[in-house]
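Novice: Take this structure, written in structure tokens, and hold onto it; I'll ask about it next.
The values are calculated or read from the model by the stated rules, or taken from the named source; none is laboratory data. The shown structure was predicted, so the numbers you read here are calculated from the model rather than taken from an experiment. Cβ atoms come from the backbone with ideal geometry, glycine included; neighbour counts cover every protein chain shown. Protein only, heavy atoms only, side chains kept; ligands, DNA and RNA dropped before computing areas. Shrake-Rupley method; radii C 1.70, N 1.55, O 1.52, S 1.80 Å.
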Amino acid sequence: STQMFHNFSNLRQILAVVMICTIVILVIGLNVIFSLGFIQDQKQFLSFASHELRTPLAIISGNAEISLRQEKSSEDYQETLKIIKDEAERMGKLVQNLLYVFRNHSRKERLTLSHFNLGELITDQASSIKKHYPTKKMTLILSEESTIEADPDRIAQVVSNILENAARYTPENGQITIILTDIKTHYKLDIKDNGQGIEKSLQKKIFKPFYRVSDHDKRGSGLGLTLSKIIIDHHHGTISVESTPGEGSIFSICLPKKQ
């Protein structure tokens, strides 16, 4: 256990260096984004920075500090390391998303196109989300023909973002319906949920960077829908939402079969 304690102390030092580097990258990147006028609402950004940067840092530092005060069992150390790993991965994903937004704004982002089965990709993403939200009911109605030319990693990111939002904002036994329709030169993907819905006046705002429907909504960075719209725009497609408060939302995506 003494060796594990020593290893844990070393890990803490490594994480501190990683976090400092992460913050430096974020500060430099965000200063450039601010200078380009990409972020218009500083209040929203400050809310984002406060939660998405300070919270994981506090969790990592706090868990490491508690574990370093006294020796613990190997199970306790494993649990602490898992928490630290999860928060570090969350920060890594945040950095990737911010860099993608920046590269898009500076016109440096490129798609990696290939032919793949869109229905299979949707099924895989639905299965992944289901593992994290096992009580949510998912129904898939997929077109038999679903071969598409697109960037599979980016399309998977969009589908995952929309499905995770649907799972987050539906009740405990919420229903999510996924419909993929073959419409001549395009595929139409509808993701419908019976969650809390979105006010009409807010439906266009949800695609803006760092926007949250509520000041009390701390379950996301406010970048998921922004990234989704950027990716769909790159594919010459469209993304839209229809929603009724208290009844749920339908996110609709139209993608051309060929780029």
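Novice: Can you give me the long-range amide H partners of LEU142? Hydrogens built in the peptide plane at 1.01 Å from N, cutoff under 5 Å, separation of 5 or more residues or another chain.
Specialist: Here the answer is LEU180, since their amide H atoms fall under 5 Å of that of LEU142.
Novice: Just to check I understand the Karplus step: with θ = phi - 60° and J = 6.51 cos²θ - 1.76 cosθ + 1.60, what whole-Hz values come out for segment 152-160, glycine and proline as x?
Specialist: Values, residue by residue: x, 5, 6, 5, 4, 4, 5, 4, 4 Hz.
Novice: Separate question: Which cross-chain or sequence-distant (5 or more) residues have an amide H under 5 Å from the amide H of GLN203, H modelled 1.01 Å from N in plane?
Specialist: Those qualifying (amide H under 5 Å, at least 5 residues apart or on another chain) number zero.
Novice: Count charges around SER240 for me, please; just the other residues with Cβ under 14 Å from its Cβ, Lys/Arg as +1, Asp/Glu as -1.
Specialist: The answer is +3.
Novice: Considering amide H positions built from the backbone, and no H for Pro or chain starts, which residues 5 or more places from LYS257, or on another chain, come under 5 Å of its amide H?
Specialist: Residues meeting the amide H criterion: HIS186, TYR187.
Novice: Moving on. Show LYS205, LYS137 ordered by accessible area, largest first, where the area counts protein heavy atoms only and the probe is 1.4 Å.
Specialist: Values: LYS205 85, LYS137 105 Å².
Largest accessible area first, the residues go LYS137, LYS205.
Novice: Considering Cα pairs under 8 angstrom that are at least six residues apart, work out the relative contact order of segment 124-203 and quote it in whole percent.
Specialist: Values: 100 pairs, mean separation 26.6, N = 80.
Dividing the mean separation by the residue count of segment 124-203 yields 33 percent.
Novice: Would you rank LEU94, LEU81 by solvent-accessible area, highest first, keeping every protein chain in place and using a 1.4 Å probe?
Specialist: Working: LEU94 10, LEU81 55 Å².
Most to least solvent-accessible, the answer reads LEU81, LEU94.
Novice: Related question: Please turn the phi angles of segment 243-259 into ³J(HN,Hα) values with the Karplus equation 6.51 cos²θ - 1.76 cosθ + 1.60 (θ = phi - 60°), one per residue in order, whole Hz, x for glycine and proline.
Specialist: Once rounded to whole Hz, the list reads 8, 10, x, x, 10, x, 9, 10, 9, 10, 10, 10, 10, x, 5, 10, 8.
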